[in-house]
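For reference, the structure discussed in these notes is given below.
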Amino acid sequence: MAVPFLEVEALTKSFGGLRAVDNVHFRMEQKEIVGLIGPNGAGKTTLLRLLTGILKPDSGSVRFKGKQIIGMKTWDIVNLGVACTFQNMRPFRRLPIIANVMVSCLSPRAMKRGEWVKVVEAKAMDALEFAGISDMALEKASTLSQGDLKRLEVARAVATEPDLLLLDEPFGGLSPAETDLMAKSIRRLHKGGRFGRLHSEGPAMIIVEHKLQQLMKIVDRIIVLNFGTLLAEGTPEEVVNNPRVIEAYLGQGGGQ
Amino acid sequence: MVNAGFYLKRFYTIVRGEVLVLPSRIIVALFFIILLGLPLVSQNPYLIRVVILTSIFAILAASWDLLSGFTGQMNFGHALFFGVGAYTSALLNIHLQISPWGGVPLGAVAAVLAGLIVGIPCLRLKGTYLALTTMAFPIILMGIVFALPDLTGGELGISGLRRLSNSLLGNYYIHVVAMLTLCTIMWKITDSHTGIIFHAIREDELAVRASGINTTRYKLLAFCLSGLFAGLSGGLYAHYMRIAGPSTLEVSMSFSVVIWAVFGGLATIYGPVAAVFILFPLLEFVRFWPEYRALIFAVIVLIILLYMPEGLIHWVRDKIEKECPRCKIRNVATRNTCRICTAALD
């Protein structure tokens, strides 16, 4: 039997009395794009943080390529090939944008791929080029707009050349035009190939997003969380027509 | 002769293109030249002594900046590394008759170990808690020093150490060249990729971890590097003053370092060095007015920090240089267009 790419089993995390993530199970295939949706406070961000080891779960297991990653340090998980972005962007504000990305390029995972990627500056530049903010490479990160910070987050995650990319609200705060651009970047990344010195093998992705219209166009499958539990799972059409999902989003009788 | 002329011309071209274009670089070059040429002008023992002590403390202040200015790990107990370096090389010199040339590096190694001992328990601490915890370590060591008077000399310290050199000029050049070399090395470290990671850890440690960088390793590295340079300066101090006493571990020593670094400008390396070279001689020269010394010191520091919150060096640098808005290359403030990309400077 083939080893599943990502296997989450009985993952649980409580903050005090609140069960933020409650007994969540799901699986992912290689190169699959999964949308993770749910009302506010459903535990989406917490779930992503559990996957990257920023938070430690109370119980449950996460196997990435057959390897248990619960209990591993965040940087080890990232070097295994799981990269994430932050919902509330966390750039290094007083550093130039290129230096923000260079930190990712200096991670062991990014450095091990041959001698020629060790020109860290050039590779960071290619990551910025991919995200579409290379013209601002020397500006301080504190001068960026919300949309550009989102792109910086994506550039930083992509620079580690992940196999599994966790995007936390990549369209949050973006204008419609910027959203289209970002969606295009994500699709381009998923197709794989070379972006200068940056190499993409078409990572699997989990995308947390509230802009459902945009999200539906990208994803293969959607997982719905509500109050920390798995509410529904399926293709975009199935999920949109699922009465329980409509109820969770709009309240009782919202579907009629 | 033809060859010499050729190289001289080439040297001049490089100097003109790389050094003379920016006032800050001219200042650094002048600083090197003045320090190395000072004995040609004056061999006043008092002046030489002040410059040597200033150099030693410049290394110390820069090493604090390497740890706290860059990685943001506020260390309020930097005297620990200084004291460990001083006591180790002093003990080796007195009890084992090891020459200062071996003792000072061994003292630095001991300070690196001290860096590890402080760094490991402090890995999980941040901000104020880290500052308070680090402050405790030199006090603990001072307790140990007082508890073992046979070994450490107690309050009197270990005196009668050998100097690195017996001549005035020898001592001067050893300390000044050591300072210039060590500070250049520190500056190079912070200018490298490692320096970028240090900066990033100060800005947002969680984001650095999520970029796949082992922050524990880099924080310990910062503690060890800082300990290394502070330990070297401690060893140099002990052998120059010919005494390693508990004053090297005092809380006031830790805080002087912090004040110097903040005064000069954090996360620059050259800022703290410049600050020590301004403040330390100033303190020495108002010695004839001893009761107001601390007051004058406090007033100067307060005024500077009030009007130049980023530190003296940043303020001066912004006055004499402008950054090109397009290519971020620095230019003399008198220029109207950028020297590289010819964009208009506002």
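Every number in this text was worked out from the coordinates using simple rules, so none of it is lab data. These numbers were taken from a predicted model, which means no experiment stands behind them. So basically every Cβ, Gly included, is an ideal-geometry build from the backbone, and we count neighbours across all protein chains shown.
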Problem - Value at 222 nm in deg cm²/dmol, rounded to 500, when DSSP H runs of n ≥ 4 in chain A each add -39,500 (n - 2.57) - result: -10000 deg cm²/dmol
Handout entry: the stretch A:208-243 residues near the modelled A:Lys191 label - backbone nitrogen below 13 Å, point 7 Å along Cα→Cβ
Key = none
Handout entry: Zero-based 10 Å bins, Cα pair distances in the protein assembly as shown, whole percents
Key = 3, 14, 21, 21, 17, 13, 8, 3, 1, 0
Problem - Greater than 20 Å apart at Cα, pairs in A:Lys150/A:Lys211; A:Lys13/B:Lys126; A:Lys150/A:Lys184 - result: A:Lys13/B:Lys126
Handout entry: ³J(HN,Hα) computed for each position of the stretch B:330-335 - Karplus, 6.51 cos²θ - 1.76 cosθ + 1.60, integer Hz, glycine/proline x
Key = 7, 10, 4, 5, 7, 6
Problem - Which of A:Val103, B:Val50, A:Val34, B:Val299 has the fewest Cβ neighbours within 10 Å, and the rest in rising order - result: B:Val299, B:Val50, A:Val34, A:Val103
Exercise for the section: Quote the relative contact order of chain B in percent (integer), defining contacts as alpha-carbon pairs under 8 Å separated by 6+ residues. Expected result: 28 percent
Problem - Spatial separation of Cα centroids for the stretch A:64-110 and the stretch A:1-55, in angstrom - result: 18 Å
Exercise for the section: Report ³J(HN,Hα) in whole Hz for each residue of the stretch B:133-143, in order, from the Karplus equation J = 6.51 cos²θ - 1.76 cosθ + 1.60 where θ = phi - 60°; Gly and Pro get x. Expected result: 5, 5, 4, 6, 4, x, 5, 4, 5, 4, x
Handout entry: Proximal lysines relative to B:Lys319, as straight alpha-carbon distance under 30 Å, when same-chain residues fewer than 8 apart are discounted
Key = A:Lys140, B:Lys188, B:Lys328
Practice task
Could you pull out every residue, at least 5 positions away or on a different chain, whose amide H is within less than 5 Å of the one on A:Ile222? Hs are placed 1.01 Å off N in the peptide plane, and Pro or chain starts have none.
Solution key: A:Gly35, A:Gly234, A:Thr235
Problem - Mean residue ellipticity (222 nm) of chain B, computed from DSSP H runs ≥ 4 via -39,500 (n - 2.57), nearest 500 - result: -23000 deg cm²/dmol
Completion exercise
For the protein assembly as shown, the dipole about the Cα centre with charges only on Cβ (Lys and Arg +1, Asp and Glu -1), to the nearest 20 debye, works out at 1200 debye
Fill in the blank from the handout: Relative contact order of chain A (C-alpha contacts under 8 Å, at least 6 apart) in percent is 25 percent
Handout entry: Span from the the stretch A:140-156 Cα centroid across to the the stretch B:75-99 one, whole angstrom
Key = 47 Å
Problem - Estimated vicinal HN-Hα couplings, Hz - the stretch B:247-264 in sequence order (Karplus 6.51, -1.76, 1.60; Gly, Pro = x) - result: 4, 5, 9, 5, 4, 4, 5, 4, 6, 4, 4, 4, 5, 4, 5, 5, 4, x
Fill in the blank from the handout: The distance between the Cα centres of the stretch B:213-237 and the stretch A:165-207, in whole Å, is 40 Å
Handout entry: Principal axis dimensions, largest first and in whole angstrom, of the stretch B:69-142 by Cα
Key = 42, 24, 18
Handout entry: Spin-label pair B:Thr128/B:Ala294, simplified geometry with 7 Å Cα→Cβ offset, distance in nm
Key = 2.4 nm
Handout entry: Percent of alpha-carbon pairs separated by more than 14 Å within the stretch B:138-204
Key = 75 percent
Completion exercise
For B:Cys341, A:Cys105, ascending order of other Cβ atoms within 10 Å (fewest first) is B:Cys341, A:Cys105
Completion exercise
Placing one equal point scatterer on each C-alpha of the stretch B:1-137 and summing with Debye, one gets log10 I(q)/I(0) at q = 0.09, 0.11, 0.18, 0.20 Å⁻¹ equal to -0.49, -0.68, -1.06, -1.13
Exercise for the section: Quick one: which residues, 5+ away or cross-chain, put their amide H under 5 Å from the amide H of A:Ile206? H built at 1.01 Å from N. Expected result: A:Val34, A:Leu165, A:Leu166, A:Leu167
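Run through every distinct alpha carbon pair of the stretch B:43-252 and return the Kirkwood hydrodynamic radius in angstroms, one decimal place.
For the stretch B:43-252, inverting the mean 1/r across all distinct Cα pairs yields 17.3 Å.
Would you mind ranking B:Ile174, B:Ile213 so that the residue whose beta carbon has the fewest other beta carbons within 10 Å leads the list?
Final ranking by Cβ density, sparse to dense: B:Ile174, B:Ile213.
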Problem - Sorted largest first, extent of chain A alpha carbons per principal axis (Å) - result: 55, 40, 36
Exercise for the section: Run down the aspartates and glutamates and flag those whose C-alpha is under 16 Å from the C-alpha of A:Lys31, throwing out any fewer than 8 positions away in its chain. Expected result: A:Glu7, A:Glu161, A:Asp163, A:Glu201, A:Asp220
